[in-house]
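Below is one structure; the comments refer to it alone.
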Amino acid sequence: MQPYVAVLALLGLVTAVIAAVYALSFAFAPPGTIGSGPFLSGRPPQEHAVSRYHVRWYVVTMVFLAFDMEMVFMYPWALVVASVGTKAVVEMFAFLGLLLAGVVYAWREGAFRWA
């Protein structure tokens with residue numbers, strides 16, 4: 001039981017801090033606040049929560065996901081590139097070339113134009 005005393009003490013301390021934060025939040029909340037509304041720093045929302053977005057944001061999201069996936073694939077590649085050698089470098093440049101072709105296409109179609 002001795003090794004677990006520190007873990008149990010830390011778990012108790014974390015639980016006490018969380019309970020204290022909730023108690024202080026409940027105690028100092030302004031009266032009449034809506035508990036189920038969105039958090040907007042106490043201000044009422046300006047538009048409906050399910051309002052439509054402009055279609056250009058979907059294109060921006062797709063470009064972001066493409067670059068995000070690039071980083072997901074480049075991290076493991078960076079770990080094994082020294083052991084695999086030239087083949088890994090060629091494959092990564094082919095992958096980056098494919099992404100660059102996608103960026104050029106998006107640029108040509110006006111995905112990066114905001115006006």
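Hey, among the residues in the range 100-115 that are within 10 Å of VAL63 (Cβ to Cβ) and among the aliphatic types (A, V, I, L, M), which one's surrounded by the fewest Cβ atoms within 10 Å (Cβ to Cβ)?
Filtering the range 100-115 for residues within 10 Å of VAL63 (Cβ to Cβ) gives 102-103, 106-107, 111-112.
Subsequent filtering for residues that are among the aliphatic types (A, V, I, L, M) retains 103, 106, 111.
Numbers: VAL103: 14, ALA106: 16, ALA111: 16.
Among them, the one singled out is VAL103.
Of all residues in the range 88-100, count the ones that are more than 25 Å from the chain's Cα centre (by Cα) and of a type in the set (A, V, I, L, M). Before the answer, list the steps.
Initially, the range 88-100 is screened for residues more than 25 Å from the chain's Cα centre (by Cα), giving 88-91, 93-94, 97.
Adding the requirement that they be of a type in the set (A, V, I, L, M) leaves 88-90, 94.
Here the count works out to 4.
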Any idea which of (1) exposed (fewer than 10 other Cβ atoms within 10 Å of the Cβ); (2) at pLDDT below 80; (3) not charged (D, E, K, R) is the one PRO45 doesn't satisfy? (1)
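Suppose we filter the range 5-35 for residues that are among the hydroxyl-bearing types (Ser, Thr, Tyr) and modelled with pLDDT of 90 or more; how many remain? Can you show your working first?
Of all residues in the range 5-35, those among the hydroxyl-bearing types (Ser, Thr, Tyr) come to 15, 22, 25, 33.
So of that shortlist, the ones also modelled with pLDDT of 90 or more come out as 15, 22.
Matching residues across the range 5-35 total 2.
Test ALA88 against the criterion of being modelled with pLDDT of 85 or more, more than 21 Å from ARG108 (Cβ to Cβ) and out of contact with any Phe, Trp or Tyr (no Cβ under 9 Å at 6 or more places or on another chain), and give yes or no. Even if it seems obvious, please write down each step before you answer.
Numbers: modelled with pLDDT of 85 or more: yes; more than 21 Å from ARG108 (Cβ to Cβ): yes; out of contact with any Phe, Trp or Tyr (no Cβ under 9 Å at 6 or more places or on another chain): no.
Criteria not met by ALA88.
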Taking the condition within 21 Å of the chain's Cα centre (by Cα) and modelled with pLDDT under 85, does VAL72 pass? no
What pairs can you find where one residue is in the range 96-115 and in a loop (DSSP other than H, G, I, E, B), the other is of a type outside the set (D, E, K, R), and their Cβ atoms are less than 6 Å apart, with a gap of 6+ or different chains? ALA111/VAL59
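The values are calculated or read from the model by the stated rules, or taken from the named source; none is laboratory data. Quick caveat, the model's predicted, so the values are computed rather than measured. Positions of Cβ are generated from backbone atoms using ideal geometry, with glycine treated the same way; all protein chains shown enter the neighbour counts.
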